[in-house]
1. Pick out which of Tyr169, Tyr110, Tyr263 has the largest mean-square fluctuation in a Gaussian network model of the chain, springs linking Cα atoms closer than 10 Å.
2. So if I place +1 on the C-beta of Lys and Arg and -1 on the C-beta of Asp and Glu, and nothing else carries charge, what would the dipole magnitude of the stretch 1-152 be about its Cα centre? I want it in debye, nearest 20.
3. Which option, [x] 22.2; [y] 23.3; [z] 20.4, is the value of Kirkwood radius over Cα pairs in Å that was calculated from these coordinates?
4. Suppose every Lys and Arg Cβ carries +1 and every Asp and Glu Cβ carries -1, with no other charges. What dipole size does the chain come out with about its Cα centre, to the nearest 20 debye?
5. Quick one: net charge of Ser208's neighbours, Cβ under 13 Å, K/R +1, D/E -1?
6. Which FRET efficiency, nearest 0.05, do Ile216 and Ile13 yield, Cβ-Cβ r, R0 25 Å?
7. Could you work out which residue, out of Ser208, Ser11, Ser138, moves most in a Gaussian network model of the chain, that is, has the largest mean-square fluctuation with Cα springs under 10 Å?
8. Reported to two decimal places, what Rg/Rh ratio describes the stretch 115-167 when computed on Cα atoms with Rh from the Kirkwood expression?
Amino acid sequence: MVNDNRRSILSEIIRKKECYLLLLPTFLLLLTFNYYPALSAIYHSLFEWDGANFIRFIGLGNFINLLFHDPTIPLSFLNTLRITIASLLINLTFPLLAASLIFHLRNLRYAYFYRVLFVIPMVVPAMVIFMIWRFIYSPTTGLLNQLLRTIGLEHLTRPWLGDFDLALYAVIFVGFPWVAGTSTLIYLAGFQNIPPELLDAVAIDGASTWTRFWKIELPLIMGQIKLIVILTLIGSIQGFVNIMVMTNGGPGEATMVPGLYLYRNAMYYNKMGYACAIGTFLFLIIIVLTYLNLKYLRSGIEYQA
């Protein structure tokens, strides 16, 4: 039976060989620029390597140093944990609320207008947004401190990105009110996929807005919620561009994250092997969290499938 299936698959591939040949360049590019660098990083994480000439096999030495001897690693992962929790809370509430409000607008023209309005910021490069917020947080000419002085709250002014206690939270606050972009569109697509007949039946039964949202709509967009959770976890754990642009890990190491620490080890300290070990460790964490999310965050519909 297994051999028959293999012959059937092989004959199908031969019959449609032109299609597979057209896909071949894509697979070659993926193998060259995606899979090979990842496998190379896992391999070189077992070496003491400067990225050029010197290379010495040390086995799990980089991982032992990472887990037990590097004082920067615990702090950076603690900062990442705070960022991840805050990002999950933000992406599971504000974009969801915005998508729900757009979905329930009776006027389709207004719904389209607000959808476009929330999408427009996506075309602005992230670097521009980070630089604008860096200017907002400027202790002398920044908009935030100027506003506080104007309304008589000068005692609340701070060097926001230079304060050891507030710098990380200032970075997390970037993007307020957090409703524009991909998350809102993903949620909105989930709402629009709900059968209208089901919503009409719930309305006829006299269910309240909160009951309809909590009992009907939310379970039916659990697939979108799962996707948002995965994307948020990956982005929060891997991300460091916003930190690098706004604080560069400072003041001191108050906003250091593993991704930025990886970059420093690779580009500043010529410790490419150690940087590969950090990247491999982050990869393992993301794989585990993604598996747990796929396994336990499921809707009733998925259980019945």
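Computed from the coordinates by the stated procedures, all read-outs in this text should not be read as laboratory data. What you are looking at is a predicted structure, and each value in this text was computed from that prediction instead of being measured. Don't worry about glycine lacking a Cβ; one is built from the backbone with ideal geometry, like all the others, and counts go over all protein chains shown.
1. Highest fluctuation of the listed residues: Tyr110.
2. About 680 debye.
3. [y]
4. 440
5. That sum, taken over residues with Cβ under 13 Å, equals 0.
6. Efficiency computed from Cβ-Cβ geometry: 0.05.
7. Ser11
8. In the stretch 115-167, Rg relative to Rh is 1.12.
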